[in-house]
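The structure appears below as structure tokens.
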Amino acid sequence: MTWRSVVISKPARLRREHFSLVIEQEETAFIPFEDIAVIVLNHREITLTHPLLSACAEYGISLFSTGDNHQPNGVFLPYLQHSRATRILRLQLDITRPATKQAWATIIRHKIANQARCLTLAKRDGTKRLESYVRRVRSGDPENCEALASAHYFSQLFGIGFYRDQARWINAALDYGYAVLRGTIARGLVAHGLLPSLGLFHASEQNAFNLADDVICQLRFKSAPLFRCKSAPLCCVYVF
């Protein structure tokens, strides 16, 4: 069975017609319910019917809403015993501590490697030091190479004396870009059945996007998926 995620990013009316989801926009699209795993509502002008919600429950489909910042802020979960979303959530909850620490080390290595690549593209010095930090990262990053590398990276990129907590336009621009990426990653996580609040390293009870904050700095991640199910079907995302 195909694992399909449907992301609605334009004004639309969603309804049920027999065994299919109907998406009414400039053109009308029909998607069989049995092929859908997740629906993400990412626009303020989307309406849907009660029969559609009932179909989501019947077919085990998770439906997510997003707020004004385009980050997921609500979820309608099917009240079924064998929900596919529940299976993925169990895999996420059952990840072992050693696997978590190893995954975090992999993330940090990619983050620092990306920082070195950025310095090279910006024709700045300091890549050798960052490359040495990549080699020093161990499981769980006990030496906090992430912080050491970040301090060196920003000082090389923006000049000695630059800090991320300073009130200046560069930091404002970085914060804006971070917010955009964070929201995009969070939507991608829920579209693939993961819960963004359950992070690997970030674990704040007041942060609904801990996992998004974990992976935001290594967008060129090339290793195996953090959560894998041998019986999990292929993921396919449709954007409307």
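Taking region 85-134, which residues are within 30 Å of Asp35 (Cβ to Cβ) and assigned to a loop (DSSP other than H, G, I, E, B)? Residues satisfying the conditions are Asp94, Ile95.
For the structure I just gave you, tell me whether Arg117 is of a type in the set (D, E, K, R) and touching a Cys at 6+ places or on another chain (Cβ under 9 Å). Step through it out loud before you land on a result.
Numbers: of a type in the set (D, E, K, R): yes; touching a Cys at 6+ places or on another chain (Cβ under 9 Å): no.
So Arg117 does not fit the description; no.
Let's see how each residue does on (1) polar (S, T, N, Q); (2) in contact with a helix residue (DSSP H, G or I) (Cβ under 6 Å, 6 or more places away or on another chain); (3) modelled with pLDDT under 90; (4) not in a strand (DSSP E or B):
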residue	(1), (2), (3), (4)
Ser5	yes, yes, yes, no
Arg13	no, no, no, no
Phe30	no, no, no, no
Thr47	yes, no, no, no
Leu52	no, no, no, yes
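Of all residues in region 7-55, those satisfying the criterion of being over 21 Å from the mean Cα position of the chain (by Cα) and among the hydroxyl-bearing types (Ser, Thr, Tyr) are Ser20, Thr28, Thr47, Thr49, Ser54. Out of Gly74, Gly60, report the one residue that is modelled with pLDDT under 85, touching a helix residue (DSSP H, G or I) at 6+ places or on another chain (Cβ under 6 Å) and not in a helix (DSSP H, G or I). On inspection, the qualifying residue turns out to be Gly60.
Tell me, yes or no, whether region 141-154 has at least one residue that is crowded, with 16+ Cβ neighbours inside 10 Å, over 30 Å from Ala55 (Cβ atoms), in contact with an Asp or Glu (Cβ under 8 Å, 6 or more places away or on another chain) and not basic (Lys, Arg). Among the residues of region 141-154, not one is crowded, with 16+ Cβ neighbours inside 10 Å, over 30 Å from Ala55 (Cβ atoms), in contact with an Asp or Glu (Cβ under 8 Å, 6 or more places away or on another chain) and not basic (Lys, Arg), which makes the answer no. Of the residues making up region 1-45, those that are out of contact with any Asp or Glu (no Cβ under 9 Å at 6 or more places or on another chain) and either on the phi > 0 side of the Ramachandran plot or surrounded by fewer than 17 Cβ atoms within 10 Å (Cβ to Cβ) (or both) number 14.
The values are calculated or read from the model by the stated rules, or taken from the named source; none is laboratory data. Everything numeric in this text was worked out from a predicted model, so none of it was measured. A quick note on method: Cβ atoms are made from the backbone with ideal geometry, for glycine too, and the neighbour counts reach across all protein chains shown.
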